Amino acid sequence: TTLATALTKKYKAATLAVCPDRLTPMLPIWFPTTEDGEVESLGHLLTYVHPEEATVIRHIATTGKYPDRGFLGYKNGESRFAHPEYTDEQVADLLQKLTEMADYIFVEANANRFDDVFSRVAWAQAAIRILVRAPGPGDEVFFRAQGKLINETGGCEIWQVLNHPVGDVFLPGEEALEHWGGADVIIPYAASVKEAYFEGRMTDCLGSRR
């Protein structure tokens, strides 16, 4: 969301953030004050076969401040059983349609992306893969287990982003940076993210140290 906002602000680019996670729907987090009927679900969009551009646009949520920045995700209360299952071909078709409509598409792949159709297809087609990491044992265990699959780039770029600890949470940020050999982008963690969440500002741009 931060990178999408920066691209929209600085370069007037049309950006789209997509979160296919059905366990933690993002629409109520992105738009906490929006009524349920005011936004459409990604799951509903995926019930269409070869959706028309007008149909896709109707399902994209936007903010008045940055109308060229859109969001696709699931609504509050939805689960994996709320909509029919979709196929790799449906996801690939939708992603192709989205790339024709926006300059940049950001898909938040699930941690279990190889079990999730949308995340798996988006991961395979990505021009750039952004790995968001947080210092701590859980992150290290996950990336050690997934390292081989993550590094099979298929010719795409990999950016490493560190959620750096600040304020009321201590995590070994500097030690992690040294261990990982640095990061391409460092963004604030904990205090600023928590404040944005409670104030309903998750679509705002957070600061970056790089």
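The values are calculated or read from the model by the stated rules, or taken from the named source; none is laboratory data. Remember, predicted model here, so these are calculated numbers, not experimental data. When we count neighbours, we look across all protein chains shown, and the Cβ atoms used for this are built from the backbone with ideal geometry, even at glycine. Side chains are part of the model used for accessible areas, which takes the heavy atoms of the whole protein and leaves out ligands, DNA and RNA. Shrake-Rupley method; radii C 1.70, N 1.55, O 1.52, S 1.80 Å.
Some notes on this structure:
- Reported count of residues in region 39-49, each being surrounded by 11 or more Cβ atoms within 10 Å (Cβ to Cβ) and farther than 19 Å from Ser119 by Cβ, is 3.
Okay, residues lined up against (1) polar (S, T, N, Q); (2) part of a loop (DSSP other than H, G, I, E, B); (3) buried (at least 17 other Cβ atoms within 10 Å of the Cβ):
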| position | (1), (2), (3) |
| --- | --- |
| Pro28 | no, no, yes |
| Thr34 | yes, yes, no |
| Gly37 | no, no, no |
| Pro51 | no, yes, yes |
| Ser79 | yes, yes, no |
| Glu85 | no, yes, no |
| Gln90 | yes, no, yes |
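- Enumeration of residues in region 127-143 that are assigned to a loop (DSSP other than H, G, I, E, B), of a type in the set (A, V, I, L, M) and open to solvent by less than 70 Å² (accessible area, probe 1.4 Å): Ala134
- The lone exception for Arg80 - which of (1) under 25 Å from Ala13 (Cα atoms); (2) touching a Lys or Arg at 6+ places or on another chain (Cβ under 7 Å) it fails: (1)
- Residue in region 107-117 that is closer than 25 Å to Thr24 by Cβ, under 21 Å from the mean Cα position of the chain (by Cα), part of a strand (DSSP E or B) and at pLDDT 75 or above present: yes
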